[in-house]
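Have a look at the structure below, then the notes.
Computed from the coordinates by the stated procedures, all read-outs in this text should not be read as laboratory data. What you see is a predicted model; the values in this text were computed from it and never measured.
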Amino acid sequence: MAERLTDSSVRRLPAARNGNRISYDEEVKGFGVRVTAAGAKAFVLNYRADRRERRITIGAFPDWTVKAAREEAKSLKRRIDRGDDPMADRDEQRAASTVGEFCDHFETEYLPTRRATTSEDYRSLIRLYIRPQFGKLKVTALRHAEVAALHREVAKRAPYRANRMLAVLSRMMVLAVNEGWRDDNPTRGIERAHEEKRERFLSPGEIVRLAEALAAHREKISANAIRLLLLTGARRGEVLVATWDQFDLTTGIWTKLSAHTKQKKAHRVPLSAPALALLDEMRREAVEGCPYVFPSRKTSIRASDDARPSYGPLTEIKRTWASVCKAADVTEARLHDLRHSYASVLASSGLSLHIVGALLGHTQPPPQRAMPTCMTTLYAPRQNGWAPLSPGLTSVKARLCSGRDGAEHEKREHPLVRSLRREKSIRGNGYTALRAAHLRIGAA
């Protein structure tokens with residue numbers, strides 16, 4: 001039975017049990033919303049042309065609101081009344097479209113729904129590999145053998161990038177099939193290149209040298225971003241887009257927004273004393289009116305034609321990382337290895353892998369199973385590999401925190417830790433272990 005569709009009613013529609021289900025609007029005949037078994041929702045319009053029943057997809061919800069999709073449906077119905085066949089026109093246009101044009105469509109319609117770091121990586125892979133090789137081909141003419149050949153060629157010199165490129169192209173072709181640009185996905189069945197698992201953990205000595213190099217580096221903003229990565233184990237994207245309103249420096253809690261986390265939900269984590277000391281000092285020196293913890297200066301031209309400084313988030317710290325590693329004589333280390341090293345220190349301090357996973361923001365299994373995630377278990381073999389840190393490491397905390405040891409923060413018990421203790425996620429001397437682990441990371 002048809003009913004007037006609204007944004008709230010569409011949002012409440014459950015996923016189809018199998019296949020897809022269409023709920024029709026009572027205001028515009030033939031206009032409705034299709035819901036798949038996976039829960040994806042898209043607006044459609046049923047109509048007849050040349051004595052055939054046709055169905056055209058208007059757009060996905062919530063990218064399209066009900067009001068906008070209904071107006072588009074009315075516009076299409078006016079064309080149909082004049083004798084046009086919108087579906088045939090779209091098929092004809094798409095049959096003539098090139099992969100380059102579809103890349104434009106993908107970047108405009110799909111990438112804005114992804115995280116900023118994901119979008120940046122996708123655009124890079126499209127620019128470096130997909131457009132140069134396939135840009136002038138028709139979307140319908142792209143073949144499995146051509147995709148496989150490109151993947152093999154890239155894999156000879158960069159197997160990781162080859163697999164990421166294939167994953168992006170596969171996602172593009174899934175979208176092309178769903179939207180009717182072509183009938184099949186030419187990336188299916190292509191075997192991924194072998195990837196050597198990267199398990200790099202910084203030694204205490206490397207962390208000492210790294211801390212010294214960070215303290216001496218002239219780019220303080222990017223150096224501080226690397227410090228915070230080391231002191232929190234956060235992901236690079238979470239740190240670079242962090243804003244001051246995410247941090248409660250009084251209670252020592254960092255609330256990462258769901259839009260910036262890999263698990264797509266807000267993540268509240270306690271901050272160690274050295275991390276709080278670093279943030280306290282940065283806050284005092286922060287640019288007035290700038291919301292970003294790690295700002296990047298840019299210029300915006302106002303209506304007055306005056307060039308005035310404005311600020312966005314820092315987008316790249318690779319150059320700083322490379323120069324710091326060179327100065328510290330740290331080889332074959334990635335920024336993400338700071339996260340691995342942070343987790344290893346936590347694990348070696350006696351924290352359970354379940355708690356380590358919660359602090360890192362790994363997706364946790366159901367409570368009744370209470371098992372660590374596959375990613376978290378990577379740190380278990382390293383627990384016995386971290387001998388007690390030498391007395392010389394105690395001075396590194398001051399270096400990481402720009403000369404402040406954060407003593408005034410050490411006596412605070414973070415609310416998240418208290419709640420974890422109440423939920424019996426941390427038992428016995430678990431809090432002591434967590435506090436000790438945080439201090440060890442500050443010392444390292």
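For the stretch 65-103 versus the stretch 114-156, the inter-centroid distance based on Cα atoms is 27 Å. Among the listed pairs 197/318; 136/318; 41/74; 136/197; 29/138; 67/256, those with a Cα-Cα distance over 24 Å are 136/318; 136/197; 29/138; 67/256.
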